[in-house]
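S.K.: Quick one: this structure, given as structure tokens, is what I'll be asking you about.
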Amino acid sequence: MSLFGIGTPCPKPGIYFDMSAEDYHLVDAMSKSRLDALHRSPAFLKSYLRQEHEDTPATLLGSLVHLLAMEPHKFEGLYDVFENTRRNTKAGKENCDLSENHKRTPISREIYEKAKDMAQSLRDHSYLGGVFSASGTSFEVSVFWEVSLDCGAVIPCKARIDILHYDVPGFGTLVADIKTCRDARAHAMSKAMHEHRYHIQAAWYRNGLYRAEELDTKQFTLFCVENEAPYHAKGYNVSEASQVSALREIKADMELLGDCILKDEWPGYTEGIDELELPKWARDKEEK
């Protein structure tokens with residue numbers, strides 16, 4: 001089943017352990033990133049679907065940390081490390097062309113060393129590190145399911161889970177996602193969770209696993225690592241209360257999507273003039 005007609009149809013609902021990232025991204029289904037775009041506005045989602053999404057330095061660093069932490073044996077087949085990757089220099093252009101001719105991505109030694117140190121910090125963590133080498137841990141797991149809406153629409157959905165382990169001693173099924181960040185302290189990650197909607201991701205993934213194969217999970221864990229030395233690593237479970245709130249938000253957004261599809265109408269923001277106030281934290285500060 002294809003959702004927007006811009007990729008491959010969604011496969012049969014289930015958990016897929018051997019699907020490549022390229023094949024996963026081609027599947028035309030609702031994902032957490034598409035849900036984020038829809039939450040901004042249906043019109044923004046339509047625009048988002050037409051865009052090409054290229055790597056930025058931050059997303060490249062994140063991809064490298066993921067790979068070096070979870071599947072370092074795949075690195076040499078995907079990347080080449082050079083002292084110079086600047087295309088505005090002769091040496092840099094030659095290095096990039098050589099790498100691309102071999103269908104690999106050229107990266108600078110600076111970003112490689114940083115990503116390697118960040119990944120090692122995760123692997124050295126007293127709790128998190130054990131998961132990477134534990135027997136039964138799966139990485140980059142693709143999940144597909146369907147959601148039937150009140151309006152009658154059936155929406156194909158997907159998720160790409162960083163880490164899945166069915167039986168962590170004393171914990172049960174572990175569903176985890178690696179997050180690179182500037183500050184891994186609790187107050188900063190709480191703010192990041194709100195801004196980047198990690199609670200939505202938690203509920204989306206766990207609900208998807210249950211709908212795909214009735215896999216019951218107890219927690220969604222963030223494996224966080226800072227992008228500045230000494231690259232502190234820290235783990236957090238997304239609270240159940242935050243996920244309950246997320247499920248309500250997901251349901252409302254998915255019903256909105258169904259309505260947009262049935263009517264073929266994709267509205268933007270409301271056109272009225274609204275009242276604008278300072279955020280609550282600023283008002284609280286003024287009242288003290």
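The values are calculated or read from the model by the stated rules, or taken from the named source; none is laboratory data. Because the structure is predicted, anything quoted here is derived from the model rather than measured. Neighbour counts run over all protein chains shown; Cβ positions are idealised from the backbone, glycine included.
S.K.: Tell me which residues, restricted to the stretch 220-250, are touching a strand residue (DSSP E or B) at 6+ places or on another chain (Cβ under 6 Å) and within 23 Å of Ser33 (Cβ to Cβ).
M.R.: Phe220, Thr221, Leu222, Phe223, Cys224, Val225, Asn227, Tyr236, Asn237, Val238
S.K.: Tell me the residue from Ala203, Ala188, Ala192 that is touching a residue at least 24 places away in the same chain (Cβ under 8 Å) and either under 21 Å from Asp167 (Cα atoms) or among the aliphatic types (A, V, I, L, M) (or both), please.
M.R.: Just one listed residue meets the conditions, Ala203.
S.K.: Is one or more of the residues making up the stretch 233-256 of a type in the set (Asp, Glu), within 17 Å of the chain's Cα centre (by Cα) and farther than 19 Å from Val143 by Cα?
M.R.: No, because not a single residue in the stretch 233-256 is of a type in the set (Asp, Glu), within 17 Å of the chain's Cα centre (by Cα) and farther than 19 Å from Val143 by Cα.
S.K.: Can you find a residue that is touching a strand residue (DSSP E or B) at 6+ places or on another chain (Cβ under 8 Å) and exposed (fewer than 15 other Cβ atoms within 10 Å of the Cβ) anywhere in the stretch 44-51?
M.R.: No, the conditions are met nowhere in the stretch 44-51.
S.K.: Now, a different point. May I ask you to list the residues in the stretch 124-138 that are crowded, with 18+ Cβ neighbours inside 10 Å and part of a helix (DSSP H, G or I)?
M.R.: Result: Leu128, Val131, Phe132.
S.K.: Restricting the search to the stretch 141-155, which residues are surrounded by fewer than 21 Cβ atoms within 10 Å (Cβ to Cβ) and within 22 Å of the chain's Cα centre (by Cα)?
M.R.: Residues satisfying the conditions are Val141, Glu146, Val147, Ile155.
S.K.: Ok, one more. If you go through the stretch 267-284 one residue at a time, do you hit one that is closer than 29 Å to Pro11 by Cα and either modelled with pLDDT of 95 or more or out of contact with any Lys or Arg (no Cβ under 7 Å at 6 or more places or on another chain) (or both)?
M.R.: So far as the stretch 267-284 goes, no, none of its residues is closer than 29 Å to Pro11 by Cα and either modelled with pLDDT of 95 or more or out of contact with any Lys or Arg (no Cβ under 7 Å at 6 or more places or on another chain) (or both).
S.K.: Taking the stretch 262-276 only, how many residues are more than 16 Å from Tyr48 (Cα to Cα) and of a type outside the set (Ser, Thr, Tyr)?
M.R.: Total meeting the criteria: 9.
S.K.: Among what's in the stretch 13-38 and is among the small types (Gly, Ala, Ser) and not in a loop (DSSP other than H, G, I, E, B), pick the residue that is surrounded by the most Cβ atoms within 10 Å (Cβ to Cβ).
M.R.: Looking at the filtered set, the residue picked out is Ala37.
S.K.: Taking only the stretch 240-288 into account, find how many residues are among the basic types (Lys, Arg), more than 25 Å from Cys151 (Cβ to Cβ) and part of a helix (DSSP H, G or I).
M.R.: Final tally of qualifying residues: 3.
S.K.: What is the one condition in (1) touching a Lys or Arg at 6+ places or on another chain (Cβ under 6 Å); (2) small (Gly, Ala, Ser); (3) at pLDDT 95 or above that Gly172 does not satisfy?
M.R.: If we test Gly172 against (1) touching a Lys or Arg at 6+ places or on another chain (Cβ under 6 Å); (2) small (Gly, Ala, Ser); (3) at pLDDT 95 or above, just (3) comes out false.
S.K.: Kindly provide the set of residues from the stretch 218-243 that are without any contact (Cβ under 8 Å) to a residue 24 or more places away in the chain and either under 17 Å from Arg123 (Cα atoms) or not small (Gly, Ala, Ser) (or both), ordered by number.
M.R.: Asn237, Glu240
S.K.: Next question. Condition first: surrounded by fewer than 17 Cβ atoms within 10 Å (Cβ to Cβ) and either assigned to a helix (DSSP H, G or I) or acidic (Asp, Glu) (or both). Now tell me which residues in the stretch 98-123 satisfy that.
M.R.: Leu98, Glu100, Asn101, Arg109, Glu110, Ile111, Glu113, Asp117
S.K.: Can you report the number of residues in the stretch 158-177 which are buried (at least 16 other Cβ atoms within 10 Å of the Cβ) and out of contact with any Cys (no Cβ under 8 Å at 6 or more places or on another chain)?
M.R.: Number satisfying all stated conditions: 13.
S.K.: Would you say Glu195 is surrounded by fewer than 18 Cβ atoms within 10 Å (Cβ to Cβ), within 28 Å of Ala241 (Cβ to Cβ) and within 15 Å of the chain's Cα centre (by Cα)?
M.R.: So Glu195 fits the description; yes.
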